[in-house]
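Participant: First the structure, then my questions, so here it is.
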Amino acid sequence: MNKRKVTLAVATAGVLTGAAGLSLLAMPAGAGQPPSLPDVSAESLVEQVMTAKPGAFGGTVEVDNKLGLPSIAEIPQLADGKHSARIWTDGNGKLRLALPNGQSEQTIVDDGKTTWSWNSQDNEVTKSEHKDSPKESNGEKAIDPATAAKEIVTKTKEFSDITVDGTARVANRAAYELVLSPKPTEKTLIREVRIAVDAELKMPLRVAVLTNGAAEPAGTVGFTQINVGPQDAKLFEFTPPANAKVTTPEAKEAQAREKLPEAGLEAALQGEDPQIFGTGWDSVIGARIPADAMTQVPAEAQGLVDRFTKKVSGSWGSGKLFTTKVATILIADDGRVVAGAVPEQVLFDTIGQVK
């Protein structure tokens, strides 16, 4: 896989996580008739979501993106349309993900001590040993609706009006619909986030994101099938296939130290020493790309940036703007970068603060 070619799209996915508390977005099928459940207060349901510890389960997540992201062959899960993934967990930190990609598949296994990522297309394995925080979630784990929902609630509950809006049936399980709406003072593209919370387990089963001016969700993340209970222990074991190339994240970082502008953007959006401006829904992530890197952009990478951005300018200077339904990214010509789930004017007003 050409890593340079897909960095911008990967970074775009990163801003969805950083700004809106989301990662991959999915839409579950087969909702069924809403169940009849006892009343519950919004405050109680939020507390249950924050404190519940999901046990072991396996399930299928179906993706139906409507974000307006570019279509790039190497990472089809980011493009508009339907995709699917499988997830298994033992409830104690071990995890397995299977992400189909056309005729190939990416497999991610966390055995509690090591995280393995295998791409069947190039037969390459990335091996990451756990250090001080062995159970710390990596980016891929946020495809789990429970993880995504907790991130959203943690980052936005203080800045939201929270209600319980009826019930739903998700993956054949009864659930409450918890709704977080940004307060009127929040300058954001997001109108509301709906979280379907399992009535029995208090585990989020689905997250749906709705934007201003749209009746349909821009996207959701949810189960279409879930099997609650102990999973086969062998699912959480991994042995690199024969002839596979095994590398480490550190080695990959060393290879990527050409300091391309896209690399600086990706680092900012993935939380590597970012600058944070504001709070709540309209918070903005900022970074500065080294000046010398701005002159080292390969034509291939520059073409990708030009294709999916528009030229903009203002009192802050000039640059390129990348927009989706739920996020906006501004890349100034001098290397400053800002991104958030906000209208472009918020970025224009914020970029002058980037150091």
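Each value in this text was obtained by applying a stated rule to the coordinates, not by laboratory testing. All of these numbers come straight from a predicted model, not from anything done at the bench. Neighbour counts run over all protein chains shown; Cβ positions are idealised from the backbone, glycine included.
Participant: Could you list, in their original order, any pairs among Lys187/Lys311; Lys131/Lys325; Lys150/Lys325 whose Cα atoms are separated by more than 28 Å?
Facilitator: Working: Lys187/Lys311 23 Å; Lys131/Lys325 37 Å; Lys150/Lys325 22 Å.
Those over the limit are Lys131/Lys325.
Participant: Hey, another quick one. Quick one: if you stick a label point 7 Å off each Cα along the C-beta vector at Thr51 and Asn243, how many nm between them?
Facilitator: Inter-label distance under the simple model: 5.5 nm.
Participant: Here is a follow-up. Given the pairs Lys127/Lys155; Lys155/Lys183; Lys157/Lys202; Lys113/Lys234, which span a C-alpha to C-alpha distance of over 23 angstrom in this model? Display every interim value, and only then the final one.
Facilitator: Details: Lys127/Lys155 30 Å; Lys155/Lys183 14 Å; Lys157/Lys202 17 Å; Lys113/Lys234 15 Å.
Check vs 23 Å cut-off fails for Lys127/Lys155.
Participant: Would you mind ranking Lys245, Lys66, Lys355 so that the residue whose beta carbon has the fewest other beta carbons within 10 Å leads the list?
Facilitator: Values: Lys245 11, Lys66 20, Lys355 7.
Arranged by neighbour count, lowest to highest, Lys245, Lys66, Lys355 become Lys355, Lys245, Lys66.
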